[in-house]
1. I'm checking my understanding of the structure. Among residues of the range A:831-855 that are modelled with pLDDT of 90 or more and among the charged types (D, E, K, R), which one is nearest to B:Asn240 (Cα to Cα)?
2. Every residue in the range A:247-271 that is among the small types (Gly, Ala, Ser) and outside any strand (DSSP E or B), please.
3. Looking only at the range A:48-86, how many residues end up being in contact with a helix residue (DSSP H, G or I) (Cβ under 8 Å, 6 or more places away or on another chain) and closer than 14 Å to A:Glu110 by Cβ?
4. Starting from the range A:736-756, keep only residues that are within 14 Å of another protein chain (Cβ to nearest Cβ), then list their pairs with residues that are part of a loop (DSSP other than H, G, I, E, B) and among the small types (Gly, Ala, Ser) whose Cβ atoms are within a distance under 8 Å, requiring at least 6 positions of separation or different chains.
5. What about B:Gly222, is it within 13 Å of chain A (Cβ to nearest Cβ) and either among the aromatic types (Phe, Trp, Tyr) or in contact (Cβ under 8 Å) with a residue 60 or more places away in the chain (or both)?
6. Please verify whether A:Val361 is in a strand (DSSP E or B) and either on the phi < 0 side of the Ramachandran plot or open to solvent by 10 Å² or more (accessible area, probe 1.4 Å) (or both), treating the condition exactly as stated.
7. If I ask for residues that are open to solvent by 40 Å² or more (accessible area, probe 1.4 Å) and either farther than 20 Å from A:Ser140 by Cα or not hydrophobic (A, V, I, L, M, F, W, C) (or both), which ones from the range A:225-251 would you list?
8. Hey, among B:Arg314, B:Arg268, which residue is within 14 Å of chain A (Cβ to nearest Cβ) and modelled with pLDDT under 50?
Amino acid sequence: MKRFRRHGHESQRDKHKQDLYQFNKTVEHGFPHQPSALGFSPSLQLLAIGTRSGAIKLYGAPGVEFMGLHDENAAVTQVHFLPNQVELVTLLDDNSLHMWTLRAHNSMSELLEIGRFTLSGPPGAPPSVTRVTAVLAHSSGELLLLGTEGGHVFVVEVPGFRELEENNISVEDVQNRIPEDYVGRRNLECVETLHENPLNPRQVLIGYSRGLMVLWDLDRQRPIQHFLGTQQLESVWWMEDGENILSSHSDGSYCQWTVTGEDPQTEPEKQEMPYGSFPCKAISKVIQLPSKQGPPFLIFSGGMPRASYGDRHCISVIHSKTHEALDFTSRIIDFFVIREGVNHRGEPSALVVLVEEELIVVDLQTEGWPVIQTPYLVPLHCSAITCSHHVSSIPLKLWERVQAAGAQQNTHYSKKPWPINGGQNLAPDPPQRDLLLTGHEDGTVRFWDASGVCLYPMYKLSTAGVFLTDADPNDNMNQGSEGEWPPFRKVGCFDPYSDDPRLGIQKIHLCKYSGYLTVAGTAGQILVLELNDEAAEQTVEATVVDLLQGQEGFRWKGQARLDVREEPVLFPPGFQPFALVQCQPPAVVTAIALHSEWKLVAFGTSHGFGFYDYHQRNNILVKCTLNPSDQMALEGPLSRVKSIKKSLRQSFRRIRRSRVSMRKHHTNNAAKLQEINARLEAEALQEMELAPVQRKIEARSSDDSFTGLVRTLYFADTFVSDSSHSTPSLWAGTNGGAVFAYVLRVPSLERRAEDPVVAHAAKEIQLMHRAPVVGLVVLDGKGAPLPEPLEVAHDLARSPEMHGSHHLLVVSEEQFKLFTLPKVSSKSKLKLTAVDGSRVRRVGVAWFGSRTDEQLESSLVVLTNQGELHVISLPSIKMMVHYPCIRREDVSGIASCVFTKYGQGFYLISPSEFERFSLSTRWVVEPHCLVEAPLQMRPKNPSSPVHRDQPDGVPTEHRNFKRESEGYENSARQVMEHALLNDESEYTRISS
Amino acid sequence: MNKNHRVPSNRTLSAVEVKSKFGAEFRRFSLDRSKPGRFDEFYGLLQHVHRIPNVDLLVGYADVHGDLLPINNDDNYHKAISMAAPLLRLFLQRKEEADYSAFGTDTVTRKKTPAALAAVLLRPDANKKKPPIIISLPKDFRPVSSIIDVDILPETHRRVRLYKHGQEKPLGFYIRDGSSVRVTPQGLEKVPGIFISRMVPGGLADSTGLLAVNDEVLEVNGIEVSGKSLDQVTDMMIANSHNLIITVKPANQRNNVVRSSGGGSSGRSTDSNTSFYGYSTPGSMVMTPSHIIQNYEPDEESEEEEDLVIEADRGAKLFPQAGARATASTSMPALPRYEPHLDLRPSNGTMASSVSVGSLNACDRGLEGRNLEEEGTVITL
């Protein structure tokens, strides 16, 4: 993970800054965007995923992960580990091959690219001659066989990438020996697959796209047997016994061939079309593995009847009498099976499937083949992420309760431990328990353990149950009705279709001390939830709050309010809603704040803000911030302007629904889809035309749209109207640069249930530059931000300094301004936009400390629309350091950024991946892991047939290395020596 | 401070240039310094050149100190002529509309502080009731858009201050990406640049005539735009919109200011008002004595408008419409609790009297005093 390490270019002289701040992108959480290749090393127990953007990611035991990026911006099409080594080879879209290794250094492994190679054909040959279509990493670990589009097989020595021209297998060599009438019709087309005889590594099976398979003797350089397949070949599987070969074909059939030595074999032993009679789609990969308990496992992908299920992404598993068609929600990239035993040749234990949007591991040894929960590579985007919220240093009690609630949700998962466990995680235990909460479009909030390198799912909260949605309960893809054929079983959790976009979560606030949670959504709903270890049936009381307070001429054209279930709802253990506020008009909630000590929730939309007393269950204050002439906000354009994404989603949902409920009508769908596509295209075109290549220069005015939109809300115990008595207060900042302050009277604890909470308007500040107010912070007498509610009560923060004057820090998109309190007058300010044209997008308060010093100091952490991170000192508001972090074009990445309290942060680098970064020298969470070469395993297993059957005494692995190493390039040799050394030390350590 | 100046090249010692202004109109003529004549002849001449024969006039002139002094008899007329060096500026008003309070020492040149301005803006009616502290109507002091820094910029560049303050007019222009050709040691090189792409008719930029379509934007408030994206430059301009200073390379290089070689006294500037250079002259601009308007200090905070703070009475109920008013610009006479908050520079004594602190209750008054001490400002209540 060193690749992204970027040190600041700050001047050396400022040691203080160096002690406190350093910028690192440390780890990527979630599921790689657009995976395109899968590889697995049984000996290393490492999984490799290549992506379309040229990244290669390796995963082993939880916490063991590596990442590399090819310099070429080309998709990774194949990943192959060299058997029993720490190297792997990747094939890219641009036909280049890359050699990667895991180099151990200071007991920490790094993924490094050590060589690259592009096949060079004879001069004048067309590019197809050298276009690689199939790769075989030979079990000797020294050879790479490359099958090409032209039908040739090139042999290359690795890791040095030396072409062994004399060993190449040309099309002519193969064609010579096959019957004229078979070959005469067409050429053999590309090499589709290369396979090694599991018993004799000197025999290789070459499968050509056209259907022909040739068993080739590497030593004698001649074919042994030809299998004259007549169907377009998709994949080949050489069975364990070395006697039988399975081939899968584009017509949805698979064939079994026997290695007899009689040449040629014209007919397969057996031909099957599993989902038969009607035309089927191709079986793209087939494998068969023996099992001690009865018949072998037959696993294949695809092969579905073209007309009725041609659009399903299925892998069929057949074992004994069990036959399941695992139905995935996205395209299958590849799959493999993990086998037990020292040599990984025992019972199949788990099926690992990489689909486009997630990784699914199916436990093949437990009845019902349940799914094993993945500790990493979790699809964050199973429903699109709409917001996120990070809570640092969770108290153990709350942690355990959330964990327990999550455990009860995960009963359908297999109890088996995670089967991929290569490498050692040497990272120190995370210093604290951190939670990342993500809000999703389908109304769920997911709780992630964000303490360490693995972003592990803890608990999922669904808010949809509170509301009546138009989701049809019968509209279920998973109707596993008896006797259905094929026997579908839906697996995986990726489901991008939200039944009602109004359920989308927009804001989350969790109080870690009290376990109160508030979430706010797209249709103006604010739920207050409480952690309960027991299931409970309760009615959620809704309070409708009119934020317009009788504004004239109002016409809301946006979405309707969500309907609330009036009957009691059974809520599972976990966070259970007990109060609901619904804003009227039901516009998107743009800001919330929770004060669990005062038991108040503040909320704001584009129309105004208010706050709700969740103890007495009544709304205390409503304040309309809307400019009456603001038609845009009045009518709710946010929902009126239909986004492409939304309309696309709705169209798909419509299609899906009609398909699921009335299959007879599917002929209609093509026409419908065409019509929708045409409309989308027109919409996109229109947007393109509207997109201005020029920018209007105009001062902000009070008549701008959405000036009343509430951007930030903040509770503070401070001196609002009187310098001798601090009082509870609520602060609100709007898009138009206005700040409103209210003094609150919260009754004492004894009278809390009876006496009303009262609010008085205390102050209004109109920033003259009118830029949106994105953050409000009150600094205490010592210039430190006020602690969170209950933090002091739990003895986890020192009490704020109430002597000396407090200050209000107003962060607008354009500048930072410090005001005195209670008399509001400007003390100092820092301009951002006027100086460099960037604007504040995200702001947070964070604590920084050096590695050695206990002392912490608070600073502002800011992300600008240019993607730069700034650290700004408090209370002096001076720029300390800045680092480029996100590309400025990556608007969604910038919008998704969330800061932790200790100088780390997360942002989405794709819909499914969070990048974690750290600005702090003291708190860095990054992978630290070691993978050791598996070489010592091999001499230990003399029974392994791999070595036995080598015909002419191939020297042992070690000698071989030494002999060949002279020819390698320098870097490669170093790696090998290092690997050996490493291995030997490990070996002595184990044996002593 | 006054960086640009211009010495009229055609001056003759014996003649006095007279620039007479009535309403929005100027007349220029000259008088023989040695033979000024009598006041009533002069008065008749003014009525004649302005073609207002039957209008009773109040004649005033700006003396060397910038004070506006009356001319109503032979003595002060001769004094005015003798003091004119070289230009005599006259300000004519209809007698029935005349604002006598405008005359006197310091009325014209007194440095306008933001607080005073804000006070005037905020409390227009209060000013009427208290004639002694009336300065003048705020619009008379409004700085106007102008070309600045002529003496320090290359002649091919033009630095334009668009003074938006208090105007309803939109800034009114658009910018775009483009490319310009630079001369480098390697030869001509095409570099990306930001250009003005469109002017909104009737907008501030358009009406000043100082900017034109295809002018290349080089700096915004003293900060170079090279290397910045269109959006960044847009945001910079909007962030500085209250006092936007753009340095451009005009597409049309024919109207460039040609500096005279003489140089002259560096401390003074002459009128660099747009009319001087033959640009279209909007009437609103000529109201102001020109020599107070060109103090270009890029980092001078005094140019900035202040944030408005409304302090509600303790225990008072919510103002029903307060929010809407607060966002609805500066004219809110009905709300007594507005006070400009003086955050920018130590204020001078003159502004205190105009700060509306009278409406604060005792408690706030106490606080006020305390805070004033902290801030070191001198405000007498």
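The values are calculated or read from the model by the stated rules, or taken from the named source; none is laboratory data. Quick caveat, the model's predicted, so the values are computed rather than measured. Note: ideal-geometry Cβ built from the backbone for every residue, glycine included; neighbour counts use all protein chains shown. With ligands, DNA and RNA removed, areas are computed over all heavy atoms of the protein, side chains included. Shrake-Rupley method; radii C 1.70, N 1.55, O 1.52, S 1.80 Å.
1. In this case the residue turns out to be A:Lys831.
2. Hits for the range A:247-271 are A:Ser250, A:Gly252, A:Ser253, A:Gly261.
3. Adding up the residues that qualify gives 4.
4. Going by the 8 Å Cβ cut-off, the qualifying pairs are A:Gly736/A:Ser702; A:Gly736/A:Gly708; A:Gly737/A:Ala771; A:Val743/A:Ser721.
5. On the way: within 13 Å of chain A (Cβ to nearest Cβ): yes; either among the aromatic types (Phe, Trp, Tyr) or in contact (Cβ under 8 Å) with a residue 60 or more places away in the chain (or both): yes.
Answer is yes for this residue.
6. yes
7. Hits for the range A:225-251 are A:Thr230, A:Gln231, A:Gln232, A:Glu234, A:Glu240, A:Asp241, A:Glu243.
8. Within the list B:Arg314, B:Arg268, the selection yields B:Arg314.
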